[in-house]
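Peer 1: Can you keep this structure in mind? I'll have questions shortly.
The values are calculated or read from the model by the stated rules, or taken from the named source; none is laboratory data. Keep in mind that this is a model prediction, so the values were computed, not measured. FYI the Cβ positions are ideal-geometry reconstructions off the backbone, even for glycines, and counts take in every protein chain you see.
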Amino acid sequence: MKARASAHANIALVKYWGKRDRRLNIPAVGSISVTLKDLFTHTEVEFHSGLKADTLVLDHQPAAGEQLDRVSRFLDIFRKEAGIDTCARVKSENNFPTGAGLASSASAFAALALAADAALGLNYSPVQLSIVARRGSGSAARSIFSGFVEMKSGVRDDGSDAFALQLFPARHWPLEILVCITSEARKTTGSTRGMTLTAETSPYYGSWLDTQSQDLEALCRALEKKDFEALGETMERNCLKMHGLALSAEPGLLYWNPATLALIHRVRQLRRDGVPAYFTIDAGPQVKIFCPPGWTWRVENEIKDIPGVYRVMLTVVGGNVSKTAIQDS
Ligand code: PMV
């Protein structure tokens, strides 16, 4: 009834924005991501008959309210499956800022799914884990896998075909990624609310849905051929399209700060100077810069002194999950 697990954050190269079913959290579009070797969540779950309610300690602080409710609702899926109503104690730690657009919900719900599965001895397959992780957070479905990962939106009403799979292992293309932190504050509009608002109010939402498959195909081709320019161009186009879409919601959603914008301009200037580097940004102000192997030192030197950039983390594609059931002595 007790287990530990870890899962890694991921960054979408072609992004998920919009849901086709809110209750089951089924994405309206497919997405492609890379799982990151050095950004991860460690989670411990213990189902214990002596507990009167679920508890959550997140990054060493007791959590309550919506954060705890979200975890409880997620654990209910496992309780139902295992035929129990036992409450659980959850401890979770990220080695990077939580809730600031660095995919902390992805690694968090993937790790929680793995830990709950191990604690209850359910022995889910990776695909089953991906389906259940999706219920916690759409991007969490991808963090079950390492390397280059594709999430399908599927067509079935019950979401049983909406899961992720590995496209290529990390060794296929050891890309380097600079994660530039420009704020550690929690974002003001979470992704679920942002997506719902966008779908309900943006005049561009239909075009977003209609053009996603082109970006997914272009990115798959770039990965297959290891064509860095094609990867970068598709990734930047899709990122700016997603942010343009979010900006066109009512009220408009602006996730960037001045340092985000300064980084965009610097990356583009570096490219004009012959440095292979492209950016992407999720629902937050952090900028992730992708380079072919061996190029990040050059980029890091050029960006670390930009005002508002106060931490730069270097990582690579990777990120295997782990889980261990713990026997109490
Ligand atoms: O998984 P969520 O609900 O946190 O949404 C993720 C949304 C983006 O990070 C902006 C895009 C993506 O595909 O990860």
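Peer 1: Among the candidates Glu176, Glu200, Glu184, which residue alone is surrounded by fewer than 18 Cβ atoms within 10 Å (Cβ to Cβ) and under 30 Å from Gly294 (Cβ atoms)? Lay out the reasoning, then the answer.
Peer 2: Values: Glu176 fails: surrounded by fewer than 18 Cβ atoms within 10 Å (Cβ to Cβ); Glu200 fails: under 30 Å from Gly294 (Cβ atoms).
Just a single option satisfies the conditions, and that option is Glu184.
Peer 1: Do the conditions hold for Leu122, that is, is it closer than 30 Å to Cys180 by Cβ, in contact (Cβ under 8 Å) with a residue 24 or more places away in the chain and more than 16 Å from the ligand (Cβ to nearest atom)?
Peer 2: Details: closer than 30 Å to Cys180 by Cβ: no; in contact (Cβ under 8 Å) with a residue 24 or more places away in the chain: yes; more than 16 Å from the ligand (Cβ to nearest atom): yes.
Spelling it out, it is not the case that Leu122 is closer than 30 Å to Cys180 by Cβ, in contact (Cβ under 8 Å) with a residue 24 or more places away in the chain and more than 16 Å from the ligand (Cβ to nearest atom).
Peer 1: Residues that are closer than 25 Å to Arg221 by Cα: find the strands (runs of 3 or more DSSP E) completely inside region 1-60 holding 1 or more of those.
Peer 2: Qualifying strands (runs of 3 or more DSSP E): 2-14, 31-47.
Peer 1: Picking from Gly30, Gly18, Gly50, which residue would you name as being touching a Ser or Thr at 6+ places or on another chain (Cβ under 7 Å) and surrounded by fewer than 21 Cβ atoms within 10 Å (Cβ to Cβ)? Show your work before the answer.
Peer 2: On the way: Gly18 fails: surrounded by fewer than 21 Cβ atoms within 10 Å (Cβ to Cβ); Gly50 fails: touching a Ser or Thr at 6+ places or on another chain (Cβ under 7 Å).
Going through Gly30, Gly18, Gly50 in turn, the sole match is Gly30.
Peer 1: If I filter region 203-244 down to residues being within 15 Å of the ligand (Cβ to nearest atom) and of a type in the set (Asp, Glu), which single residue comes out as surrounded by the fewest Cβ atoms within 10 Å (Cβ to Cβ)?
Peer 2: Glu236
Peer 1: Return the residue satisfying two criteria in turn: it lies in region 134-146 and is more than 10 Å from the ligand (Cβ to nearest atom) and in a helix (DSSP H, G or I), and of such residues it is surrounded by the fewest Cβ atoms within 10 Å (Cβ to Cβ).
Peer 2: Step one: filter region 134-146 for residues more than 10 Å from the ligand (Cβ to nearest atom), giving 135, 144-146.
When the remaining residues are screened for being in a helix (DSSP H, G or I), the result is 135, 144.
On the way: Arg135: 20, Ile144: 32.
Taking the candidates together, the pick is Arg135.
Peer 1: Just the residues that are within 12 Å of the ligand (Cβ to nearest atom) and more than 11 Å from the chain's Cα centre (by Cα), please, taken from region 1-25. Lay out the reasoning, then the answer.
Peer 2: The initial filter retains those residues of region 1-25 that are within 12 Å of the ligand (Cβ to nearest atom), namely 9-19, 22, 25.
Listed by number, the residues that qualify are Val14, Trp17, Gly18, Lys19, Arg22, Asn25.
Peer 1: Further question on the same structure: When region 170-184 is examined, which residues are found to be assigned to a helix (DSSP H, G or I) and within 16 Å of Leu39 (Cβ to Cβ)?
Peer 2: The first filter runs over region 170-184 and keeps only residues assigned to a helix (DSSP H, G or I), leaving 170-172.
Ala170 - this is the single residue of region 170-184 that is assigned to a helix (DSSP H, G or I) and within 16 Å of Leu39 (Cβ to Cβ).
Table: residues versus (1) surrounded by fewer than 21 Cβ atoms within 10 Å (Cβ to Cβ); (2) at pLDDT 95 or above; (3) farther than 20 Å from Ala9 by Cβ.
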site: Thr280; (1), (2), (3): no, yes, no
site: Ile289; (1), (2), (3): no, yes, no
site: Trp297; (1), (2), (3): yes, no, yes
site: Pro307; (1), (2), (3): yes, yes, yes
site: Asp328; (1), (2), (3): yes, no, yes
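Peer 1: Next question. Can you spot a residue in region 98-107 that is hydroxyl-bearing (Ser, Thr, Tyr), away from the ligand (no atom under 11 Å from the Cβ) and under 19 Å from Leu68 (Cα atoms)? Reasoning before the result, please.
Peer 2: So in region 98-107, the residues hydroxyl-bearing (Ser, Thr, Tyr) come out as 98, 104-105, 107.
Subset that is away from the ligand (no atom under 11 Å from the Cβ): 98.
Among the residues that remain, those that are also under 19 Å from Leu68 (Cα atoms) are: 98.
Yes - at least one qualifying residue is present in region 98-107.
Peer 1: Can I ask one more? Taking only pairs six or more apart or across chains, which ones have beta-carbon atoms under 6 Å, a first residue in region 236-260 that is in contact (Cβ under 8 Å) with a residue 60 or more places away in the chain, and a second residue that is of a type in the set (D, E, K, R) and surrounded by fewer than 20 Cβ atoms within 10 Å (Cβ to Cβ)?
Peer 2: Filtered contacts from region 236-260: no entries.
Peer 1: If I filter region 163-196 down to residues being touching a Leu at 6+ places or on another chain (Cβ under 8 Å) and within 13 Å of the ligand (Cβ to nearest atom), which single residue comes out as farthest from Arg135 (Cα to Cα)?
Peer 2: Thr189
Peer 1: Moving on. In region 303-329, what residues are in a strand (DSSP E or B) and within 20 Å of Phe109 (Cα to Cα)?
Peer 2: In the first step, residues of region 303-329 are kept if they are in a strand (DSSP E or B); the result is 311-317, 322-325.
Once the filter is applied, which keeps residues that are in a strand (DSSP E or B) and within 20 Å of Phe109 (Cα to Cα), region 303-329 yields Val317, Ser322, Lys323, Thr324, Ala325.
Peer 1: Here's another thing I want to ask about it. Cβ contacts < 6 Å: first residue over 13 Å from His172 (Cα atoms), restricted to region 209-232; second residue among the polar types (S, T, N, Q) and buried (at least 19 other Cβ atoms within 10 Å of the Cβ), any location; separation 6+ or different chain. Result?
Peer 2: Final answer for the pair search is Asp215/Thr234; Asp215/Asn238; Ala218/Thr234; Leu219/Thr234.
Peer 1: Okay, next question. Checking the condition in a helix (DSSP H, G or I), β-branched (Val, Ile, Thr) and touching a Phe, Trp or Tyr at 6+ places or on another chain (Cβ under 8 Å), which residue from Ile131, Ile84, Ile77 passes?
Peer 2: On the way: Ile84 fails: in a helix (DSSP H, G or I); Ile77 fails: touching a Phe, Trp or Tyr at 6+ places or on another chain (Cβ under 8 Å).
Matching residue, one of Ile131, Ile84, Ile77: Ile131.
Peer 1: Does Val29 count as among the β-branched types (Val, Ile, Thr), in contact with a helix residue (DSSP H, G or I) (Cβ under 6 Å, 6 or more places away or on another chain) and within 13 Å of the ligand (Cβ to nearest atom)?
Peer 2: Working: among the β-branched types (Val, Ile, Thr): yes; in contact with a helix residue (DSSP H, G or I) (Cβ under 6 Å, 6 or more places away or on another chain): yes; within 13 Å of the ligand (Cβ to nearest atom): yes.
Yes, satisfied.
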